[in-house]
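Visitor: My questions all concern the structure below.
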Amino acid sequence: MPENTTPVTELTSHYVNQVAGDLEQNLKEQERITAEITALQEQLATLQKDHTVLVSMQQALGVTASTGTTVAPDSPVVPAPRKKPTAEPGKQRTGKAESGARPRARKRSAKRTAGPAAAKAAAAAVQPTLVELVRDHLTQQSEPRSAAEVAEALGKAHPERAFQTKVVRTALESLVARNGAQRTKQGTSVFYTVTAPAESAREARPPAE
């Protein structure tokens, strides 16, 4: 009897060890896949943030589309209205009064609808660009400022607008490229100052041959 039970015990022990090994491998595979999913989710969140920043940069540096209306070149010519035959004096006076009252009502309604749109367009035209705000702020400073400091100051001065540090840094680099500002580095920090008019003119002037 003991001779028959020995092979069964060894076989059971073999399966137990194999199942334990497969279970451990399964858990390790789950951990690996979970780590990969977490990393991919972080990459997706970073890409979404970068997308938002790029859209803001495009809005800050891009040219706004004009709001003027254009007339189609192939617009059909409207023929002049035909003259109605003369009617009775009473009816003719009534028709003139009605035809005179309608255009006035249309003009009034057009003025009312165009008022808010014109006001919004005028406000958008008066509103300064980000580069102008950055240049004016640096002009008022006596010491170099970083992009984060400029973004924070502009946010306090203009709470109705959103100023992100990356977008402000892009505007500052645009000023540096046009000799409107200077970049200085102190350790790992970068600071910006406005270029004096004489220095900017001297840098922009081509060298004499």
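Visitor: Can you work out which of the residues in the range 166-182 that are assigned to a loop (DSSP other than H, G, I, E, B) and touching a residue at least 12 places away in the same chain (Cβ under 8 Å) is nearest to the chain's Cα centre (by Cα)?
Guide: The qualifying residue nearest to the chain's Cα centre (by Cα) is G180.
Visitor: Please work out which one of (1) open to solvent by less than 70 Å² (accessible area, probe 1.4 Å); (2) in contact (Cβ under 8 Å) with a residue 40 or more places away in the chain; (3) in a helix (DSSP H, G or I) is the condition F191 fails and give its number.
Guide: All conditions are met except number (3).
Visitor: Among the residues of the range 170-196, which ones are among the small types (G, A, S) and on the phi > 0 side of the Ramachandran plot?
Guide: Once the filter is applied, which keeps residues that are among the small types (G, A, S) and on the phi > 0 side of the Ramachandran plot, the range 170-196 yields only G187.
Visitor: Is it fair to say F163 is open to solvent by 30 Å² or more (accessible area, probe 1.4 Å), under 20 Å from S56 (Cβ atoms) and either part of a loop (DSSP other than H, G, I, E, B) or in contact (Cβ under 8 Å) with a residue 40 or more places away in the chain (or both)?
Guide: Taking the combined requirement at face value, the residue satisfies it.
The values are calculated or read from the model by the stated rules, or taken from the named source; none is laboratory data. Computed from a prediction, not measured in an experiment: that's the story for all the values here. So basically every Cβ, Gly included, is an ideal-geometry build from the backbone, and we count neighbours across all protein chains shown. Note: accessible area is taken over every heavy atom of the protein model, side chains too, but ligands, DNA and RNA are not part of it. Shrake-Rupley method; radii C 1.70, N 1.55, O 1.52, S 1.80 Å.
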